[in-house]
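Enquirer: One structure, pasted below without further comment.
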Amino acid sequence: MDVLDLTRLQFAVVTIYHYLFVPVSICLSATAAGFQLAWMRTGRDKYLHLTKFTGKLLIVTFAVGVVTGLVQEFQFGLGWSAFARFYGDVFGPTLAIEGMLAFFLEATFLALWYFGWDRLPRRIHAATIVVVAVGTLLSAYIILAANSFMQNPVAYALDPTTGRAHLTSFADLMTNEVLFAAFPHTMGGAAMAGGGLLMAIGIWRASADVAFRTLSKVGAWTVLIGGAVTAISGDHLGKVMTAVQPMKMAAAEALYETTSAAPFSIFAIGELGHDRPFFSIEIPGLLSFLGTGSFTGTVQGIDDLQALYTEMYGPGSYVPMIPVAFWTFRFMIGAGVLAMALAAFHLWSTWDTTRRVPLLPRFLQPGGGTPRWLRRFVLLAPVLPAAANAFGWIFTETARQPWIAFGISKVEDGISPGLTSPEVIASLAGFTLVYGLLALVWYRLVVHLSRQPLAPPVSSSEEPDPVPSY
């Protein structure tokens, strides 16, 4: 691997690892706020206990996310200084605002929430965790604006003196059509990731406390609702993607020839190339619908787009890595669907009903309790959404290649000058070692917190003093 490939690998490792924790933090902050508001409204102790429990998980996950997020932003200077130098005036405001939100807004109010249980009035204390939840959404929106610029560059102009890009309208940057489509899609995936973790812990610890049963159901509903949002917003995102990056949609199906009523392969065996795989299971017209909104719409093929881009941008290959785009797109969908199926089956099996469905075997009857096999595979609940999110980002970034900012700058133009392979290998090894230790610490902390008994019940007439339970 040359320096460019190694640097891309390093950025991929850092980004994917960081994004394992970000969506979980987004979901946990909203869940903790929801549980606390439910406790204030109903006075039921289990919601108080679940508020404190999800808050502990949030603090642990948020800390890891902040540490890895710092490295993520420093990557622009470590391996991509040419890109940072050229687009710094555009990226600078978004990264600065995101940093302010993450460190000053979210961290400050999370600390106020943690230390303010017996010091702040209940309404003000609840407002602090709500601010954290809103702050995570704003932070995600701002950082997605930077990524959306790379997918669909807007609101910039080239300085005739320095040759650098500068921002012409912050409002236009924040209203990029790709951003509007990507934000709900990303938040749906975040709900699935956090919900999967809560569902897994709830199922694992259901016998220890009835509150964990509630947690498992809340997690399952979060996965299902997040999956629905992801699917609906993904349909819109596919159409926007086809409009601004038609090569990405063609790569998702390995479609080399421009086709009307283009099918979508849900499974294929064989080499992906100009010839169709020797075996595939296709849904007629689905690719056209995903890209154009019509089952008979025309989807541009890779060969025609390559010829068009060669004419527009000059000689070179503008075709991304087709096998990576093809399979990550399907793995993303498949992992998400399996996560939703697991959540739906858990809700079905724990449904409080005595009715029986004819012809269904006993283990599939509603209200039969969580099956033993589901408890054995409970770890799949958080793994599947995490895998779907990771595959989705791999598809989003690799299928844009060779562009780092679509249509205006290639990946090879953004790498830091003078960077050597040993330097990248050394830093990649260091990141991998540190990140591996962080993952182990996070996992052990989550397991430790999950094994702890929930806080003892408190009377609804008494002011709770949960600080010692932390």
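The values are calculated or read from the model by the stated rules, or taken from the named source; none is laboratory data. Keep in mind that what you see is a predicted model, and the values were worked out from it rather than measured. Neighbour counts run over all protein chains shown; Cβ positions are idealised from the backbone, glycine included. Heads up: the accessible areas ignore ligands, DNA and RNA and are worked out on the full protein's heavy atoms, side chains in. Shrake-Rupley method; radii C 1.70, N 1.55, O 1.52, S 1.80 Å.
Enquirer: For segment 18-51, which positions are among the basic types (Lys, Arg) and outside any helix (DSSP H, G or I)?
Expert: Within segment 18-51, just ARG44 meets the criteria.
Yes or no, residue by residue, for (1) hydrophobic (A, V, I, L, M, F, W, C); (2) in contact with a Ser or Thr (Cβ under 7 Å, 6 or more places away or on another chain); (3) modelled with pLDDT under 90:
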site: GLU98; (1), (2), (3): no, yes, yes
site: THR128; (1), (2), (3): no, no, no
site: ALA133; (1), (2), (3): yes, yes, no
site: TYR141; (1), (2), (3): no, no, no
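Enquirer: Does any residue of segment 38-60 turn out to be touching an Asp or Glu at 6+ places or on another chain (Cβ under 9 Å) and buried (at least 24 other Cβ atoms within 10 Å of the Cβ)? Reasoning before the result, please.
Expert: If we filter segment 38-60 for residues that are touching an Asp or Glu at 6+ places or on another chain (Cβ under 9 Å), which is where we start, we get 39, 46, 49.
From what is left, the residues that are buried (at least 24 other Cβ atoms within 10 Å of the Cβ) are 49.
Within segment 38-60, one or more residues are touching an Asp or Glu at 6+ places or on another chain (Cβ under 9 Å) and buried (at least 24 other Cβ atoms within 10 Å of the Cβ).
Enquirer: Next question. Take ASP2 and tell me if it is open to solvent by 40 Å² or more (accessible area, probe 1.4 Å) and in contact with a strand residue (DSSP E or B) (Cβ under 6 Å, 6 or more places away or on another chain). Quick ask: steps written out before the conclusion?
Expert: On the way: open to solvent by 40 Å² or more (accessible area, probe 1.4 Å): yes; in contact with a strand residue (DSSP E or B) (Cβ under 6 Å, 6 or more places away or on another chain): no.
So ASP2 does not fit the description; no.
Enquirer: Let me ask something else. Within segment 93-122, how many residues are part of a helix (DSSP H, G or I) and in contact (Cβ under 8 Å) with a residue 24 or more places away in the chain?
Expert: Looking only at segment 93-122, we keep the residues that are part of a helix (DSSP H, G or I), and these are 93-115, 122.
Remaining after also requiring in contact (Cβ under 8 Å) with a residue 24 or more places away in the chain: 93-95, 97-99, 101-103, 105-107, 109-110, 113-115, 122.
Of the residues in segment 93-122, 18 are part of a helix (DSSP H, G or I) and in contact (Cβ under 8 Å) with a residue 24 or more places away in the chain.
Enquirer: I need every pair where a residue in segment 67-84 that is farther than 14 Å from GLU423 by Cβ and assigned to a helix (DSSP H, G or I) has its Cβ under 9 Å from the Cβ of a residue that is among the charged types (D, E, K, R) and open to solvent by less than 40 Å² (accessible area, probe 1.4 Å), sequence separation at least 6 or different chains.
Expert: Once the first residue is farther than 14 Å from GLU423 by Cβ and assigned to a helix (DSSP H, G or I) and sits in segment 67-84, its partners that are among the charged types (D, E, K, R) and open to solvent by less than 40 Å² (accessible area, probe 1.4 Å) give GLY69/GLU98; GLU73/GLU98.
Enquirer: Please enumerate the residues belonging to segment 69-90 that are among the polar types (S, T, N, Q) and touching a Gly at 6+ places or on another chain (Cβ under 9 Å). Give the derivation first.
Expert: Restricting attention to segment 69-90, the residues satisfying the condition of being among the polar types (S, T, N, Q) are 72, 75, 81.
Residue satisfying the conditions is SER81 alone.
Enquirer: Still on this structure: Name the one entry in PHE431, PHE395, PHE406 that is crowded, with 22+ Cβ neighbours inside 10 Å and either of a type in the set (Phe, Trp, Tyr) or in contact with an Asp or Glu (Cβ under 8 Å, 6 or more places away or on another chain) (or both). Working first, answer last.
Expert: Numbers: PHE431 fails: crowded, with 22+ Cβ neighbours inside 10 Å; PHE406 fails: crowded, with 22+ Cβ neighbours inside 10 Å.
PHE395 is the lone residue from the list that is crowded, with 22+ Cβ neighbours inside 10 Å and either of a type in the set (Phe, Trp, Tyr) or in contact with an Asp or Glu (Cβ under 8 Å, 6 or more places away or on another chain) (or both).
Enquirer: Considering only segment 53-78, how many residues are farther than 11 Å from HIS18 by Cα and hydroxyl-bearing (Ser, Thr, Tyr)?
Expert: Of the residues in segment 53-78, 1 are farther than 11 Å from HIS18 by Cα and hydroxyl-bearing (Ser, Thr, Tyr).
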